[in-house]
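Notes follow the structure.
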Amino acid sequence: MIYRLVLLFGVLMTVQTYGQEISCSHYKSAVNQAFNKTTVQVPEEEYYDVKYVKLDIALNDTGVNISGSATTKAVVTVANMSIYAFELTPALTVDSVLINGNKETLISDGNIRKVLLSAQLAKNDLFTAQVYYHGTPEKGNGFFTRLGLNQYKADPAGINVTYTLSEPYMSKDWWPCKQSLQDKIDSVAIWVTVPDSTKAGSNGLLKKITPMPGGLLRYEWHTQYPIAYYLLSVAVAKYKDYSSKVTLPGVADSMLVQNYLYDVPDAMATYKAGLDSTAQMLQYFSEVFGIYPFYKEKYGHCIAPLFGGMEHQTMSTCGNAGPGLISHELAHQWFGDYVTCGTWRDIWLNEGFASYAEYLFYERYRGQTIADARMNSFHSSVLDKESGNGTVYCDDTTNIDRIFSGRLSYNKPAAVLHMLRYEIANDSLFFAVLKTYLNTYANKTATTDNFLQVLNTVTKKDWTYFTDQWIYKQGAPAYTVEWNQLGDAVFLRLKQRATHPASVSLFATSVDIKLIGDGVDTTVRVFNNAAIQDYRFGWGRRVKAIVVDPKNNMLNLVDRIDKTPELGANTLISNDVIVFPNPTADKWVVVGVPQGVSVILTDIAGRVVLRGEAGSNMPFTIDGSMLAKGMYMLQVRNGKDKIAGLKLIKQ
């Protein structure tokens, strides 16, 4: 059993393997490369608010050559707009740009393209920009290597696949775009013309497949849900469609689960079981997070030869169909797609929640042992490097490896969310926080502060101390434990050191302590907020050993656990009223005084030096620092009846 324990005394001292599961976190940071971009590249990109994008492009499965057009409908947000700016890699040639049907002059400077408008646009004007372009950009190969358009052969399937990976700054590698997290696109159409031996998967619903001249097919996808620029996607290969329907709780109509997997004989044997688990995950996550936000369209996967996966809205791109990856990318549909991180510093709101969803799925459907193993892997990763250095809040958005650090953006926030659930100690309340956060920022973006505001409001508690030490700062608590047992009384002393004291000098956190006896054990929960802290509790069994944090609920290290015979030897007990330490040089802690009784401290001559009331069995302190050395008498009375009397010694 687990129960809360009131503290008694605290003194503060100063290449994908076919069908094999590989998680996405480690491979979004596969190449060590700095990238100096944190937002849109020029101010003119903020002169308009994107409402609609239509891509009408031609691709094939054997290369990354691309041609077509991008149509953007947007509203002017400044008083006068004379320049339309967008981003597109210089490896792609712009053939022409039309603004409201008029051909305009284009000036290019690297990725930045500026269109000089022949007539200014006024604030709130709706305009249409059409960019016609073509070319063969540099080809990526699925290692999240900072290239938006990838082409690779799936081995050993032998299938060529061309697919996009745009997060965080690579949409410009394949379509003319505004790369702003704050400006979600209201709706999108993606038309992809491909050889008729292939299929093209993308966002939203496949509205139509139109035959085109030359043995080509045009796949016409549409989504009516707001979408962040980096979540637009395309995957082209010799695919077969493996689709099914699933019913979600509270939704009358079933929704589509659509998967594109390689059109080879053993593909179903390789991927079917994993893909089939998607229905179970959709139902469970809809219970704990709220209904799948894009249920009117679909969810599904395009299999591609990349290490890990990418949470493209309504159709993730995945290198395998293992339960960890499938649950991670599905959870992103809520955390990352439905609600998108407000800045790349807040990437943990995307990746940490998705990583924790892996644990939640295992906990629900694979058993606690497997779930615990997943959490242990998170902890081991975080604490492996200099005992937890680095912050969850991303401190360098110019470095893609830092943004997608497996330790800091995936594993540590997953562990921190588990700690938060443990601290709240009420699953209904914890999941209410998550649902409220998602409902509050639905189809928008959110920051770490936004999440904290929701957390405080729903729980009616200020959690600033928690987020400050675990999100914005680094390190972890490390414990030395001393314990002793005198009869039925168990005494415990926690000594905490912080692994990075320059960042956090002392962690305030709950800690579970497991007492192991002869064939039986029990767990008590204490709150630790001092460098040296003493606790006392009763247990009518002989303690053989003690374990700190037995279920790995918190990030911590244990330096040493010792049985200390001297511990508790100077504690006074009278009718369940406890006083310690005694003797003392400065103060006594008194525990176990009932509600509404009087407390009287007298010197040896009977003179009253302290009088007051205490109650609720909560600990309180008697300050003896100004008292003369000697013996004092503490009386606890209920009216005329004496409940307890103890001799206190001031050294």
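The values are calculated or read from the model by the stated rules, or taken from the named source; none is laboratory data. Quantities reported herein were computed from a predicted structural model and do not represent experimental measurements. Reconstructed Cβ throughout: ideal geometry from the backbone, glycine too, with neighbour counts over all protein chains shown.
Looking only at the stretch 107-117, count every residue that is more than 16 Å from T71 (Cα to Cα) and surrounded by 12 or more Cβ atoms within 10 Å (Cβ to Cβ) and tell me the total. Final tally of qualifying residues: 5. Total residues in the stretch 412-448 satisfying the condition of being within 13 Å of G352 (Cβ to Cβ) and out of contact with any Asp or Glu (no Cβ under 9 Å at 6 or more places or on another chain): the figure is 9.
Could we say that S574 is on the phi < 0 side of the Ramachandran plot, polar (S, T, N, Q) and at pLDDT below 80 here? For S574, the condition - on the phi < 0 side of the Ramachandran plot, polar (S, T, N, Q) and at pLDDT below 80 - is met.
Looking at the stretch 283-291, can you tell me whether even one residue there is surrounded by fewer than 24 Cβ atoms within 10 Å (Cβ to Cβ), in contact with a Leu (Cβ under 7 Å, 6 or more places away or on another chain) and polar (S, T, N, Q)? Looking through the stretch 283-291, at least one residue is surrounded by fewer than 24 Cβ atoms within 10 Å (Cβ to Cβ), in contact with a Leu (Cβ under 7 Å, 6 or more places away or on another chain) and polar (S, T, N, Q).
This table checks each residue for (1) in a strand (DSSP E or B); (2) closer than 16 Å to V53 by Cβ; (3) at pLDDT 95 or above.
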position	(1), (2), (3)
W191	yes, yes, yes
K207	yes, yes, yes
T210	yes, no, yes
E220	yes, yes, yes
Y230	no, yes, yes
K245	yes, no, yes
P249	no, no, no
A252	no, no, no
V257	yes, no, yes
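Checking P501, P477 one by one, the residue that is surrounded by fewer than 16 Cβ atoms within 10 Å (Cβ to Cβ) and either of a type outside the set (A, V, I, L, M) or modelled with pLDDT of 95 or more (or both) is P501 and no other. The set of residues from the stretch 367-409 being modelled with pLDDT under 95, surrounded by fewer than 16 Cβ atoms within 10 Å (Cβ to Cβ) and either in a loop (DSSP other than H, G, I, E, B) or in contact with a Cys (Cβ under 6 Å, 6 or more places away or on another chain) (or both) comprises K385, E386, D395, D396, T398.
Screening the candidates F361, F335 for the property of being in the same structural domain as F289 (by TED's automatic domain parsing) and aromatic (F, W, Y) yields one hit, F335. Looking for something touching a Lys or Arg at 6+ places or on another chain (Cβ under 6 Å), acidic (D, E) and in the same structural domain as K199 (by TED's automatic domain parsing) - is there at least one such residue anywhere in the stretch 137-147? No, every residue in the stretch 137-147 fails to be touching a Lys or Arg at 6+ places or on another chain (Cβ under 6 Å), acidic (D, E) and in the same structural domain as K199 (by TED's automatic domain parsing). Six or more apart or on different chains, Cβ under 6 Å: which pairs go from a residue in the stretch 101-127 that's at positive phi to one that's surrounded by 11 or more Cβ atoms within 10 Å (Cβ to Cβ)? Could you list them? Here the result reads G110/P90, each pair linking the stretch 101-127 to a residue that is surrounded by 11 or more Cβ atoms within 10 Å (Cβ to Cβ).
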